[in-house]
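A.B. asks: Attaching a single structure in structure tokens format; questions to follow.
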Amino acid sequence: MAFPKKKLQGLVAATITPMTENGEINFSVIGQYVDYLVKEQGVKNIFVNGTTGEGLSLSVSERRQVAEEWVTKGKDKLDQVIIHVGALSLKESQELAQHAAEIGADGIAVIAPFFLKPWTKDILINFLKEVAAAAPALPFYYYHIPALTGVKIRAEELLDGILDKIPTFQGLKFSDTDLLDFGQCVDQNRQQQFAFLFGVDEQLLSALVMGATGAVGSTYNYLGKKTNQMLEAFEQKDFSLALNYQVNVFFPSHKSQRYQSCFLIYFSRLGFGVSQTKAIMTLVSGIPMGPPRLPLQKASREFTDSAEAKLKSLDFLSFTDLKDGNLEVGS
Ligand SMILES: CC(=O)N[C@@H]([C@@H](O)[C@H](O)[C@H](O)CO)[C@@H](O)CC(=O)C(=O)O
């Protein structure tokens with residue numbers, strides 16, 4: 001099957017679903033959100049209704065509306081809009097896949113069903129195949145996130161011969177820390193033009209070494225610009241600069257001076273997930289993301305106050321030059 005679209009590569013922001021204080025979806029800020037990603041973060045690909053977007057906590061009707069809003073507002077601004085259409089019900093998943101095709105999305109992604117689970121590769125493939133068939137003109141991505149789905153079938157095993165079963169298969173979104181599995185996926189599919197999109201932001205540099213062609217993640221909503229600089233350094237083979245970005249932005253040593261100023265490590269100590277992502281994105285972008293939906297809880301006041309103080313101390317919107325390995329602005 002020939003797709004007219006160019007290969008999905010580079011950074012893909014896993015979008016947040018903005019909500020009002022009373023838990024309804026706040027469609028009114030999505031246009032502004034698109035502009036923020038493109039202009040402030042240099043990110044032109046998005047992944048909608050995934051984990052960060054609380055896709056599985058939305059009704060089917062809400063998922064359709066959210067997808068539609070992103071496609072509409074992203075028209076002529078974004079390069080690719082990928083819609084996550086995974087669901088426990090095959091029927092719902094197919095409906096969402098068909099809908100994504102109708103509204104002009106650029107691709108669909110599906111996680112493994114996670115309540116009544118597929119226990120073998122063949123069963124999982126059968127499920128994915130049925131969903132993909134509902135949108136036969138759209139590129140299909142498998143979203144591998146075993147820690148959340150509990151489906152531990154190795155991605156490398158799943159990819160073996162996948163085009164025979166799912167002709168629209170275009171790539172893998174790999175949200176797991178098993179870099180051996182990821183590396184094998186890349187290595188064993190060198191003949192194919194698949195996209196290998198890594199989903200553990202703090203480990204992206206290692207995944208680039210293993211052959212990642214792009215990345216999907218929550219932090220690219222507000223760390224897109226910085227991470228693009230890391231991708232550029234990697235591309236230029238300036239590995240020490242690339243490492244500097246990854247280490248400074250995501251995981252400096254606990255003992256180092258930088259620890260106090262590091263972004264993700266600092267926040268992960270306070271507890272980091274979708275709720276905290278919403279709070280940080282609101283602070284950094286100025287666009288209200290609102291609370292998450294139950295069963296998630298709003299980030300605590302303690303977290304938000306502490307995050308705000310930290311962001312101010314880091315002068316977060318204007319990082320100093322990382323070439324010096326220095327992120328310690330005003331702290
Ligand atoms: C479990 C989880 O939410 N993982 C995130 C990461 O971007 C994660 O937030 C980041 O690596 C920080 O830990 C993404 O893989 C999820 C994602 O892409 C999505 O929202 O679908």
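The values are calculated or read from the model by the stated rules, or taken from the named source; none is laboratory data. Being a predicted model, the structure only gives us computed values, none of them experimental. Positions of Cβ are backbone-derived with ideal geometry, glycine not excepted, and every protein chain shown enters the neighbour counts.
A.B. asks: Is it the case that some residue within the stretch 141-162 is more than 21 Å from PHE198 (Cβ to Cβ), of a type in the set (A, V, I, L, M, F, W, C) and at pLDDT 95 or above?
C.D. replies: For the stretch 141-162, residues more than 21 Å from PHE198 (Cβ to Cβ), of a type in the set (A, V, I, L, M, F, W, C) and at pLDDT 95 or above: absent.
A.B. asks: How do the pairs read when you match residues in the stretch 195-219 that are more than 11 Å from LYS173 (Cβ to Cβ) and in a loop (DSSP other than H, G, I, E, B) with residues anywhere that are more than 13 Å from the ligand (Cβ to nearest atom) and of a type outside the set (Ser, Thr, Tyr), using Cβ under 6 Å and keeping only pairs 6 or more apart or on different chains?
C.D. replies: GLY211/VAL186; THR213/GLN9; THR213/ALA195; THR213/PHE196
A.B. asks: OK, next. I'd like the full set of residues that are in contact with a helix residue (DSSP H, G or I) (Cβ under 6 Å, 6 or more places away or on another chain) and outside any loop (DSSP other than H, G, I, E, B), limited to the stretch 43-54.
C.D. replies: If the condition is that a residue be in contact with a helix residue (DSSP H, G or I) (Cβ under 6 Å, 6 or more places away or on another chain) and outside any loop (DSSP other than H, G, I, E, B), then VAL48 is the only one that fits.
A.B. asks: Which one of the conditions (1) part of a strand (DSSP E or B); (2) touching a His at 6+ places or on another chain (Cβ under 9 Å); (3) of a type outside the set (Ser, Thr, Tyr) does ILE82 fail to meet, given that it meets all the rest?
C.D. replies: With respect to (1) part of a strand (DSSP E or B); (2) touching a His at 6+ places or on another chain (Cβ under 9 Å); (3) of a type outside the set (Ser, Thr, Tyr), ILE82 is out only on (2).
A.B. asks: Here's something else I'd like to know. Looking at LYS173, LYS237, which one is basic (Lys, Arg) and within 13 Å of the ligand (Cβ to nearest atom)?
C.D. replies: Being basic (Lys, Arg) and within 13 Å of the ligand (Cβ to nearest atom) holds for just one of LYS173, LYS237, which is LYS173.
A.B. asks: While we're on this one: Restricting to the stretch 16-43, what's the tally of residues that are surrounded by 19 or more Cβ atoms within 10 Å (Cβ to Cβ) and within 13 Å of LEU78 (Cα to Cα)?
C.D. replies: Counting residues in the stretch 16-43 that are surrounded by 19 or more Cβ atoms within 10 Å (Cβ to Cβ) and within 13 Å of LEU78 (Cα to Cα) gives 7.
A.B. asks: Determine whether the stretch 171-185 contains at least one residue that is over 14 Å from the mean Cα position of the chain (by Cα), part of a loop (DSSP other than H, G, I, E, B) and crowded, with 19+ Cβ neighbours inside 10 Å.
C.D. replies: Within the stretch 171-185, none of the residues are over 14 Å from the mean Cα position of the chain (by Cα), part of a loop (DSSP other than H, G, I, E, B) and crowded, with 19+ Cβ neighbours inside 10 Å.
A.B. asks: For GLU54, all conditions in the list (1) closer than 19 Å to TYR143 by Cβ; (2) more than 17 Å from the chain's Cα centre (by Cα); (3) within 16 Å of the ligand (Cβ to nearest atom) hold save one; what is the number of the exception?
C.D. replies: (2)
A.B. asks: Among VAL66, VAL12, which is closer than 23 Å to LYS226 by Cα, within 16 Å of the ligand (Cβ to nearest atom) and either more than 15 Å from the chain's Cα centre (by Cα) or not aromatic (Phe, Trp, Tyr) (or both)?
C.D. replies: Result of the check over VAL66, VAL12: VAL12.
A.B. asks: Only one of these conditions is not met by ASN228: (1) away from the ligand (no atom under 13 Å from the Cβ); (2) polar (S, T, N, Q); (3) farther than 30 Å from PRO288 by Cα. Which number is it?
C.D. replies: (3)
A.B. asks: Output the residues belonging to the stretch 234-249 that are of a type in the set (Gly, Ala, Ser) and within 21 Å of the chain's Cα centre (by Cα).
C.D. replies: Listed by number, the list holds a single entry, ALA242.
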